[in-house]
Structures are given as C-alpha cells and as structure tokens.
1. Would you mind calculating the relative contact order of region A:84-207 from Cα pairs under 8 angstrom and at least 6 residues apart, reporting the percent as a whole number?
2. Nearest 100 Å², what total accessible surface is buried between chain A and chain B (probe 1.4 Å)?
3. Per residue and in cubic angstrom, what volume does the convex hull of the Cα atoms of the protein assembly as shown have?
4. Pick out which of A:79, A:26, A:147 has the largest mean-square fluctuation in a Gaussian network model of chain A, springs linking Cα atoms closer than 10 Å.
5. Per-residue ellipticity at 222 nm for chain A, helices alone: DSSP H runs ≥ 4 residues times -39500 (n - 2.57), over residue total, nearest 500 deg cm²/dmol?
6. Rank A:116, A:265, A:155 by mean-square fluctuation in a GNM of chain A with C-alpha springs under 10 angstrom and give only the top-ranked residue.
7. Any idea of the accessible area per residue across region B:22-75, 1.4 Å probe, to the nearest Å²?
8. When the chain is fully extended, how far beyond the present Cα-Cα distance does residue A:42 get from residue A:180, taking 0.36 nm per residue of separation?
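The values are calculated or read from the model by the stated rules, or taken from the named source; none is laboratory data. Model, not experiment: these values are computed from the prediction. Cβ placement follows ideal geometry from the backbone for every residue including glycine, while neighbour counts extend to all protein chains displayed. The accessibility values were calculated without ligands, DNA or RNA, using every heavy atom of the protein model including side chains. Shrake-Rupley method; radii C 1.70, N 1.55, O 1.52, S 1.80 Å.
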Amino acid sequence: MTTRTLRRWFVVHKWSSLVCTLFLLIVCVTGLPMLFSEQIWDTFVGDDDPPYEVLPPGTPNASLDTLVEKARAMFPGQIITNVSPMDDEPAVLLSMAPSWQALEEDKKYPDRNSSHWIKFDARTAKVLEQSRPANAPPEPRTWTGLIMGTCTRLHINLFAGLPGALFMGAMGGVFVVSLISGTVLYGRFMKRLPFGAVRRDRASRLTWLDLHNLLGVATLVWALVVGFTGLVNELQRPLFGLWRVTDVRQILKPYANLPVPSQDHLASVQAAFETARKAALGNEVTGLSFPGASFGSPVHYVLWTRGATPLRARLFTPVLVDARTGALTGAYPMPWYLRFLEVSRPLHFGDYGGMPLRILWALLDCVVIGVLVSGVVLWAGKRKIATDARLRALGYALDEGEVSPVSALAKGVS
Amino acid sequence: MKITPPPEGAFSVVSEARGRPQIAVWRWPIALGALTVFGLFSALLGQKGLWLVLSWISLSIPFIVTVVCLLQAWCVPSVKGGRS
C-alpha cells in the first residue's frame, strides 16, 4: 500500500469517526441501562400486581370469546381493537376504544389517548387489572421511568421521531465505514508491534494510539455486528412502510372499499386463533387485531403468528381470517428485508443468551466507549501538534518545559 | 513569513519493507473476530445449554485478552515496549 492510499484511508477514518463519535458515545452510554431495563424496573419500581391464582396444572384456558363478551359487557358500545395473549404470564390483554375514528383522531393530539385495556386471567376469565381511565390523574412519574425513557429515546432517535431515527441509522452507517477504515490503518500501524502491545515508555500519544488499536481490534467484529444491526433497526419504519404499500396493499386490494362490519356480528375470535394456528403450521399465535384497524383490512381479523424454534420465533407471519365468515383468507410470510430485520434485532439487543450475554454486551460496550474516547484524545492531540507547529512558525516560543509532541512523535516512530 | 506544513502522520515514515509479514499482524484479530462470530451465532442458533455456555466463553475471550494486554502494559515493568 502506498503512503498516498494510506493517507486517504486515514482521512476517511478521521472524518467518518469525527462525524459519528458524539452520537456513538450517546448510544453506548444510553445502551447500558437499556440492556438491564428489566432488572432496573424490577429493582426500583417493582411489580404490585397480585399473584396469579394457583390452579391444578393442565387447567384449560377460557375461550377467548368469553373474554370478548365480558369486555363488551363492561364497556357497552365500545369496540375491541386487539386480543393479545401474554407469552410469559397466563393472562390475556384486551384493548378497547370508543371507536376506530376516536383512535384515528388521537393522532392529532399528542396528549390524548382514548384506547384502554383490560387484563384477564387466561384460565378463569377473571378481570385482573385495567388501564387507568383517561380522566384519572396521571400516575406519578418515577425517576426510573424518567431516566429509562430519556435513555431509550436518546438511543433510538434523539427525541426527534422518524427523522431522528433515520439520522441515527446514518450514523450507524458512518460508524461501519469508520470501523473498516480503522481496520486498514490497524494493519499498517501494527506491522512492527506484537499484538496487544501498549507502549508506555514513550510519548503519551503512542500509549493512546496503542490503546485505541488494541481496544478497537478486540471489539471490531462485535462493534460491526451491533453497529450494522442498529442501522437496520433504525430502518424498521421505512421497511414496514415499504411492505405496506407493496405486498400488503396488493393483498388487501379486493377488500379495501368494504365497510367495517359491526362488532356484534363477527365470527368467533377463538375459532380465528385455531384457524391461524392451522394455516401457519408450527407457529404460535401472538395476537389478533379486529377488522378496521389502521393498516389492516376492514373485514379481516389480522392474526400475528411466530415460529416455535428459537430462530423462527423472531419471524412473524400474519394470517388473515375473514371476520364475517371465519374462513381463512391466507397466511403471508414477510418479504426478505423484514425477515432480515427481525433476525437482526437480537444481535443488536444482546437479549438472547441470558444474563451472562447481557453482561458481556455491557463489557464490550464499555470497551467501545474506550475506543471512542481514545480516538477523540488522539484527534485532539493531533490538532494540538498542528497548532503548535503553526504557532512556532509564526514565531511564538512555546514552553520548553513541556515535551514537544512533535519531537516525541518523531522519536516514537523512527 | 513561512508557514511550515503540519508534521506528517506517524505512519508515513515507516518503511513498508521493515514490518512483519501481513499474516502475523492479522493472526490475533482474525482469531478474536472468529470467536466473536461464533459466540454471537451459537447463542442465536442454539439458544440452549451447551451452545449458550460456548457463546459466553467465546465472547468473553476478546474481552479477557484486552484486559490481559492492559494489565501487562500497566503492571509488568516495560518489557513489551515494541521492537524499534
């Protein structure tokens, strides 16, 4: 490699790193509490739900239709929007709203939320809990909630919604460029050094450089994977949008102009779950939304199913069941880009291998913070050298007591 | 008045011929990278028992290697000071 090419790589590394460093520092730091959010919530806020009734093992679940009827009886005149069995508790969550139109209008007012939910015991069909009514005084904010909320939003979109998410995605892309160019430079810098050497008997700049190289190369692959999957995650809204305007629109075309039927005359919800389970064989059904939901069909139950094996559990397949007749319309596997997105999520979150994996994620994250900080120190030091040289050229005598970085640097490399 | 150009980057002075063969530079990075990839995917694809343990072990090796190198640099009196 000629010095010229190398210099180009250096420029690429410097600028790509400068562009993304601040944002990477933000995501690295805010990512740490997010890794342990479950534990943090449990420790500081806790769970005040009453324990589940102890029933003999093998007690069958109540029919979902019973829950639907109960919910309707509790809120006559309202609509049910979603039925979601919880996967880690024997409970079913039913979401309701005054009407689809009310939900649509909510979007115009950020502080309005007309939807609410009821949590049922899946086995006894007893009401366990209800969301706070809209006119109740807001729940007191906890420090935990405030801190976790701030971290999550900073991490995902810097409080700036979709533009923020796309911006952070772009920063993820720049980070990948910086990692690749950094790797090229590593190969050159380390030609005369054994792996992992950190020279401490020379200029401090060389110590920082060696540190940057060591920390960077040790976490290189992890950072590439987490950085790239982070970028993919930031694209989820555009990718889902793309799917909606292409495949989904095509599938729903024959039904698009039909009126939404009244919820009093719909086919059985329980039967729709069974139908979906059969249509996507080997999958479990994770939820159902009622006809009329935005992005859904006016006449279909949309059921979300997912695979049962560990990897396939991340791949969702929607199933459409005609809510007027209960007949299956079809199961629609997602396009490749959404499958890719879904498989890439765990690789970003580190939530798929128990607590030890989360701890490793946190440790590697801290090492990456070390790479960022040492990179900034190197860049700032370099600027100081350039400034000193210019000042000297202009005739300013610099303090001789201080080791001149220029000579130290020259000594270090010769 | 003459303004001297800023000093060259550290790399520009080193001559290509004097370095180690490229493969020696990459031996450790490739090994650590391979361990990372194995660790990431053994937990993702296996997700149970032994695969999880293998994942924890292989992902912790890059971290442990880093810590060992740092300890060597800061605790062992400088014998590993490079070869120039």
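1. Working: 89 pairs, mean separation 15.3, N = 124.
Relative CO of region A:84-207 lands at 12 percent.
2. Details: alone 23820 and 7720 Å², together 26440 Å².
Protein heavy atoms only, the A-B interface buries about 5100 Å².
3. Numbers: hull volume 107.0 nm³, N = 498.
Per-residue hull volume (Cα only) is 215 Å³.
4. The residue that fluctuates most here is A:147.
5. Numbers: 14 runs with 219 residues, N = 414.
Calculated at 222 nm, the ellipticity per residue is -17500 deg cm²/dmol.
6. Result: A:265 has the largest fluctuation of those listed.
7. On the way: 2860 Å² over 54 residues.
Each residue of region B:22-75 exposes 53 Å² on average to a 1.4 Å probe.
8. Details: separation 138, 0.36 × 138 = 49.68 nm, distance 3.96 nm.
Result for the pair: 45.7 nm of gain on full extension.
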